[in-house]
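Take a look at the structure set out below.
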Amino acid sequence: MLSKFPQILPSVTSRSLAQGLGLALIFLSGCASYQSEYETRLIGSLPNQREVTIDEAQSFPGDVLCGRYTSLTGQGFSFVTRDFVVTPYTVLNRASELELSVFCAKNPRAALLENTGLGAWDDDLQIATRLRDDMRAIDNAIRTYYRTRHGMPKNLDVLLGEDLGLDETSLLDPWGKRYRYDPGLSGRTKPIFELISYGADGLSGGSGENADMRYSQLELLEHMLRVEGL
């Protein structure tokens, strides 16, 4: 997929980890000012930081760097090549096709709509902004509950009994319907869950104003809104 990207930055053919904790990378002239920092963050996120090479690094709107890297596996017996996305807010060292299609696009709004159906609700993106704000507020409440109670809330109503900044209206999507909450089997360090708005019709599936919005797509929505200045 990366071969289809416009050549915004020159292709970088090889960079490797230097001595000690310092990550000395070889850069070509004309690269984006944040490329060195981002590649250091990418390498730091890998289970094995030896003999890493980075290729096809390219810049996209929203201060995003996309490319492909090759590194030793965690066991150190073989090499693996994967696509990556690094933004000011996250490092995706195993970027999915959907993540690549939106983060690594000249027009994230058009890419998000084409690949997920999200964004067709309204031209001024007020609904998109509301969905982002709602899901982020509920996310923060769930994480606080998880951290203080050492477990996941069984349902969203549990959060209303805590001092977490939520009320009943906080749990309603832009069409006045309750967000659906599915708690997952969370690990020791972070909660795993899904929040869903089923759009205007309140039914699973659909397109346009009926498109589903999932918490697992929140980073994509947030990226699009940042690029749009919202």
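Side notes on the structure shown:
- With kT/(6 pi eta Rh) evaluated at 10 °C and eta = 1.306 mPa s, and Rh the Kirkwood radius from Cα pairs, segment 25-144 diffuses with a coefficient of 98 µm²/s according to Stokes-Einstein.
- In segment 66-171, the GluC sites (Glu not before Pro) that fall in loop regions by DSSP, at most 14 other Cβ within 10 Å: E162
- The simple Förster model, with R0 at 25 Å and r as the Cβ-Cβ distance, assigns D63 and T129 a FRET efficiency of 0.80.
- Compared with the alpha-carbon gap, the fully stretched path from D122 to T70 is longer by 14.6 nm at 0.36 nm per residue.
- Rounded to the nearest 0.05, the FRET efficiency derived from the C-beta distance between D163 and K190 at R0 = 22 Å is 0.50.
- Segment 58-145: trypsin sites (Lys or Arg not before Pro) in DSSP loop, at most 14 other beta carbons within 10 Å: R94, K106
- Sites L230 and S204, calculated FRET efficiency, Cβ-Cβ separation with R0 30 Å, nearest 0.05: 0.65
- Full-stretch length increase - D182, S78 - with 0.36 nm per residue and alpha-carbon distance subtracted: 33.7 nm
- Extended-chain gain in nm, criterion 0.36 nm per residue less alpha-carbon gap, K154 and S33: 39.0 nm
- The C-alpha radius of gyration of segment 126-227, expressed as a fraction of 2.2 N^0.38 Å, stands at 1.06.
- Euclidean distance between Cα centres, segment 51-104 to segment 173-222, Å: 26
Bear in mind that the values in this text are calculations on the coordinates, not laboratory data. It should be emphasised that the depicted structure is a prediction, and the values quoted were computed from it without experimental measurement. Here Cβ is always computed from backbone atoms with ideal geometry, including for glycine, and neighbour counts include all displayed protein chains.
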